[in-house]
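Chemist: Just passing along the structure, written as C-alpha cells.
The values are calculated or read from the model by the stated rules, or taken from the named source; none is laboratory data. All of these numbers come straight from a predicted model, not from anything done at the bench. Reconstructed Cβ throughout: ideal geometry from the backbone, glycine too, with neighbour counts over all protein chains shown. Just so you know, the surface numbers come from the protein's heavy atoms only, side chains and all, with ligands and any DNA or RNA stripped out. Shrake-Rupley method; radii C 1.70, N 1.55, O 1.52, S 1.80 Å.
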Amino acid sequence: MNSRIDLRSDTVTRPTPAMRKAMADAEVGDDVFGEDPTVNRLQERAAGLLGKETALFVPSGIMANQLAVRLLTHPGDEVIIEAQAHIFHYEAGAGGALSGIQFYPLAGARGVLEADQVADAIRTDEYYLPPTRLICLENTHNRGGGTIYPLEKIKSIATIARSRGVAMHLDGARIFNASIAGGIPAAEYSKPFDTVSFCLSKGLGAPVGSLLMSNDQQLIDRARRFRRMYGGAMRQAGILAAAGIYALEHHVVRLKEDHEHAKRLARLLHSIPSVRITPHHVETNILIFDVVGHRLSPPEIVAALRAKGVLVNTIGGPSFRAVTHLNVSAEQIEEAGAVFSRILA
Ligand code: TLP
C-alpha cells in the first residue's frame, strides 16, 4: 500500500479484510436462474431498508438509473432533471441512446430544485409537445457538493408530479449519507418515488454493485429483462452481494466519520486565501471548492497536489472536488490540509 491520500471519489475504497472474508465465504448460485441465495438476501435487505417491496441487484449505479428511465418512459418522452445531475451529466448520453427520451434540465441551488420550477416545466397536454413522463432527483447531490435534498422539497415536488401523472425516480447513490447526516431514515426519503437506486460501491465501501427498488413487482420483473438486455445479468454474483450485505451491516453508521472529516477539511481549506469554499455548505462527504487568482492552472494544481500525495479532481472552471471515505483517516485529513496550504498558498 502507498501513503497517498485519495480524495478523488468515495468509489476508490478497497474492501476491508472482513469484507473480503464475507465475500470468500458467500453461498452462491446462478442468479440468472434466481438461485443465488446471497443475491436474494441482499435484494430483500435493500428493499426493506428503502421501504420498498422489491429490489434488483445490478452492476452499477448507472445501470440502476438507466433501468429506471427505461421502465418509466417511452421514446419521445421528456424527463425533468436538475442540470448538474449525474443522470444528465455523467451517464454518457444513455437517456437518449437507450430510452429515446429527451431531458429538460433545470438549474437548481446546489442541486436542489424548487417545486414551482418543476411545476412550470411540466408540459401541457398538446400533441406537439413532448410528454413529461418522469422527474429524477438526486440525494445527496454529487455536483451540488453532497447536498442533502430537504425532505419537504421532495414531498412538494412529488405532490405536483402525482397530480400531473408524472413518475418519480430517485438517484440515491449516496442516500445513506443523506440519511445519516440528516437523521432521516432512507425509507422516508424514498417513499415519494416510484423507483429508487442506491450504490454499494461509494461511501459504503463495497467493490461493485447497486440496487434498484420499487413497490411494483411487475416493474422490477421488467427491470430484470432490461438488465439482461443491457448485459448486466450476472451468475454467481453472491460473491459481490456478500460485500454489499457486509457494507449495509457495518459501513452505514460510520459514514458520520466521513462527514466530520469533510467538515474539518472544509475549515482547513477555508483558511487558505486562494480557496473559495462555504464550510456550512459541506453537509456530507463531498466538498466542492474554487481556487482563484493562483499562478497554477487547475490541472497544474491537481498535478502539484498529486506530487505531494494528495489526489483530487477538477470538475470544470476553477472548481475542484474532494470526497472523504473509509480509507481516509482523521490524520490524513490534517496531512491533506497541510499539503493544500503549501501548494495553494
Ligand atoms: N459518481 C462518480 C462519477 O461518475 C462522477 C463519482 O466519483 O462520484 N449517481 C451518482 C449521484 C453518482 O455520483 C454516481 C457515480 C453514479 C450515479 C453512478 O454510479 P456507478 O459509477 O456505479 O455507475
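Chemist: How many nm is it between the label spots at Ala303 and Gln117, if each spot is 7 Å from the Cα in line with the beta carbon?
Modeler: 3.7 nm
Chemist: Could you check which residue among Gly203, Gly51, Gly93 shows the biggest mean-square fluctuation in a GNM of the chain with a 10 Å Cα cutoff?
Modeler: Maximum fluctuation in the GNM of the chain, among the listed residues, is at Gly93.
Chemist: What does the accessible area per residue of the chain come to in Å², with a 1.4 Å probe and no ligands, DNA or RNA counted?
Modeler: Accessible area per residue, the chain: 42 Å².
Chemist: Now for a separate question. Please report the base-10 log of the normalised intensity I(q)/I(0) for region 36-128, using a Debye sum with one equal scatterer per alpha carbon and no solvent, at each q in 0.20, 0.25 (1/Å).
Modeler: -1.06, -1.22
Chemist: Over all directions, the average projected area of the alpha-carbon convex hull for region 114-217 comes to how many nm²? Write down the numbers at each step before the final one.
Modeler: Details: hull surface 30.9 nm².
Mean orientational projected area (region 114-217, Cα hull): 7.7 nm².
Chemist: Return the Cα extents of region 80-130 along principal axes one, two and three, sorted largest first, each rounded to a whole Å.
Modeler: 30, 28, 9
Chemist: Under 10 Å, Cα contacts only: if you run a Gaussian network model on the chain, which one of Gly95, Gly144, Gly34 comes out with the highest mean-square fluctuation?
Modeler: Highest fluctuation among the options: Gly34.
Chemist: About the Cα centre of the chain, what is the dipole size in debye to 20, counting +1 per Lys and Arg Cβ and -1 per Asp and Glu Cβ, all else neutral?
Modeler: So the dipole magnitude of the chain works out to roughly 720 debye.
Chemist: Which of the peptides 57-70, 162-175, 5-18 is most tightly packed, and how do the rest follow, going by the mean number of other Cβ atoms within 10 Å of each residue?
Modeler: Ranked from most to least packed, the peptides come out as 57-70, 162-175, 5-18.
Chemist: Using a 10 angstrom cutoff on alpha carbons, build the Gaussian network for the chain and name the most mobile of Leu211, Leu129, Leu98.
Modeler: Leu129
Chemist: Related question: When N is the residue count of the chain, what does its C-alpha Rg come to as a fraction of 2.2 N^0.38 Å?
Modeler: Ratio of Cα Rg to 2.2 N^0.38 Å: 1.00.
Chemist: Got the relative contact order for region 1-65 handy, in percent, Cα pairs under 8 Å and 6 or more residues apart?
Modeler: So the answer I get is 14 percent.
Chemist: Let me ask you something else. Students often get this wrong, so check it: of Lys202/Lys263; Lys21/Lys153; Lys153/Lys202; Lys52/Lys256, which have C-alpha atoms separated by over 30 Å?
Modeler: Lys21/Lys153
Chemist: Subtract the Cα-Cα distance of Lys21 and Thr159 from 0.36 nm times their separation in residues, and report this length gain in nm to one decimal.
Modeler: Taking 0.36 nm per residue and subtracting the Cα distance, the gain is 45.2 nm.
Chemist: Check which residues have an amide H placed less than 5 Å from Ser60's amide H, if you skip close sequence neighbours.
Modeler: The list, which skips near neighbours in sequence, is Ser210.
Chemist: Calculate what fraction, in whole %, of the accessible area of the chain sits on carbon and sulfur atoms when a 1.4 Å probe is rolled over the protein chains.
Modeler: 52 percent
Chemist: Would you be so kind as to identify which of Pro105, Phe88, Pro279 lies farthest towards the positive end of the dipole of the chain, taking Lys and Arg as +1 and Asp and Glu as -1 on Cβ and the Cα centre as origin?
Modeler: Of the options given, the answer is Pro279.
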